[in-house]
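Taking it in order: structure first as structure tokens, then the write-up.
No value in this document is a laboratory result; all are computed from the given coordinates. Computed from a prediction, not measured in an experiment: that's the story for all the values here. Please note: Cβ atoms are built from the backbone with ideal geometry, for glycine as well, and neighbour counts cover all protein chains shown.
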Amino acid sequence: MARLPGRRKATAAPSGKTLPSSGFAPKLDVVDATPSLLNRILRKLGGRVDTLRDDLETGAFGSRFKERIAKLGLTRAGGAAVAASILVWISARIVAGTAMYLFAYGLALAVFAATALAPRRLKLEATREGLFPRTTAGQRLSVTLQLKANRRASTLVLEEKLPQKLGQTVRVPVASIASGQVIQHDYTLRCQRRGVYKVGPLTAVSSDPLGLATRRTIVAPEFELLVHPDLENLEDQALTRQFEEPPIRPPVSKPWPSGMEFFGMREYTRGDDLRRIVWRTSARTGRLMVREAEQGVTDKVVILLDTDRGGHSRDGEGLSESFEAGVRTAASLATFHLANGYTLRLEGNEGPLTSPLRGVASQLQLMDTYARVDMHRTPLVTTLSRLAANPPRDAHVVLITPRLGAAEAARLRLIVRTGASVLVVALLWDEGSADILATATELGCQVSAVRPGTDLAADLKTAVGAGI
């Protein structure tokens, strides 16, 4: 989908001079975007506030509290007994009541006895079937748990901890299991959102007769599940390089059986792909004619995803629909270009997301990268300043962002003036983001708009801005 740069006319500089169309890059005065100490402190504080808001929206605080109580080896009743013992002891201290002292010590002794009577490490083994390291958003995984006892055990609960976005924690009560017996349980994971999830660990929880203390035995380790973003099938139509009038072919281009741009036609020879025959031209000329394409003048693509949390929408429970649409767009474009032989650089606001990728063998690394990417507080202008200081003149730049302010537009203008090909994919999630279309078009970029609830492939087919 790259807008491959052909031969460009010189662009007028503000002083009235023309910038060279080839040779060395013009020397540009790029403003240093290194954050000051105050900005770094505010950014770190903003990140802490974002984490706090996400925890409040997703109910993570309650889950963490329960986990800490479980690590102490106490049930809810056991925790309540400990708290009551402390409160009664403090009350006895104030009123000097002997009976209250005895009651407080009795509660503490009951908790201690329950802890001592709780079953020790259970001789159990467990396996998971149907749980794969990677899947795609929207898929369901049918998981089978198999528990085998190496020694008889009774009155336990098999517990598989699941992230909230995948479902509720699985709990399987087991009244009794004999030595050598195997118990099986099935459950389903709903992988609705891309991301990195921790499944498990799978534990066997046993309790004392009083129900005050528990023992947890890990029978299967924690499992990392990568949920890749859903991809769209893209076509290279509206966003390809525009032909000059009259057409001037770059000197390094050459015909290929397949490629990104139309090169010309020639007469059919034995062994050519029949799908490349142009039947209308063949009927007009009376000879079988086949289409040829050109590889292009560049094989490098830079995909920059705006990961600034402040620019994206907030849709509750720590989710941002605009950011998820941006990730899906970046992954779809990257997959498209990777399949067509391009070298990819994946960038975020905090720097490169991965090393340069090339070839179909890099597809898995690409998808893992976009499964792990998350929002931060680093502004987009930081990465644009870095690119402007070392402009990618031999690469096609794809910028995916929900906003384009004055500072970002100034850096992007410097990149465009070096002759780089730039496509801006605008994530239009609110009324204020509509200005990005006019700003990017005025800078000489190709522009596409992605809106909520629309088909991504259809949005990327339509170019709002035509570029220089």
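Observations on the model:
- Here the 3J(HN,Hα) profile of segment 360-377, calculated from phi with Karplus coefficients 6.51, -1.76 and 1.60 at θ = phi - 60°, is 4, 5, 8, 4, 5, 5, 4, 5, 4, 4, 7, 6, 8, 4, 9, 7, 9, 9 Hz, Gly and Pro shown as x.
- Here the Karplus relation 6.51 cos²θ - 1.76 cosθ + 1.60, evaluated at θ = phi - 60°, turns the backbone of segment 219-234 into coupling constants of 9, 8, x, 5, 10, 8, 10, 9, 9, 6, x, 6, 9, 10, 7, 9 Hz, with x for every Gly and Pro.
- Charge tally for residue 138 (other residues, Cβ to Cβ under 10 Å; Lys, Arg +1; Asp, Glu -1): +3.
- Charge dipole of segment 298-466 (Cα centre as origin; +1 on each Lys and Arg Cβ, -1 on each Asp and Glu Cβ, all else neutral): 600 debye, rounded to the nearest 20.
- Rounded to the nearest Hz, the phi-derived 3J(HN,Hα) couplings of segment 279-290 under the Karplus curve 6.51 cos²θ - 1.76 cosθ + 1.60 (θ = phi - 60°) are 5, 5, 5, 4, 5, 6, 8, x, 10, 5, 10, 10, where x marks glycine and proline.
- Label positions at residue 431 and residue 116, each projected 7 Å from the Cα along the C-beta direction, are separated by 7.2 nm.
- Amide H within-cut-off set for residue 397, under 5 Å, with H built and near neighbours excluded: 302, 421, 422, 423
- Taking the fewest neighbouring Cβ atoms within 10 Å as the starting point, the ordered list for 282, 176 is 176, 282.
- 5 angstrom amide H check on residue 174, placed H, neighbours 5+ away: 156, 157, 158
- Options 147, 133, 183, ranked by Cα towards positive dipole end of segment 124-228, top entry (Cβ charges): 133
- Cβ-based exposure ranking for 185, 396, in which fewest neighbours within 10 Å come first: 185, 396
- Sequence-distant residues sharing a close amide H with residue 136 (under 5 Å, placed H): 228
- Sorting the Cα pairs of segment 303-429 by distance into bins of 5 Å, from 0 upward, gives 2, 11, 22, 24, 20, 14, 6, 1, 0 percent per bin.
- Computing FRET efficiency as 1/(1 + (r/R0)^6) for residue 152 and residue 196, where r is the C-beta to C-beta distance and R0 is 56 Å, gives about 0.90.
- Cβ-Cβ FRET estimate between residue 274 and residue 230, R0 fixed at 51 Å, reported to 0.05: 0.90
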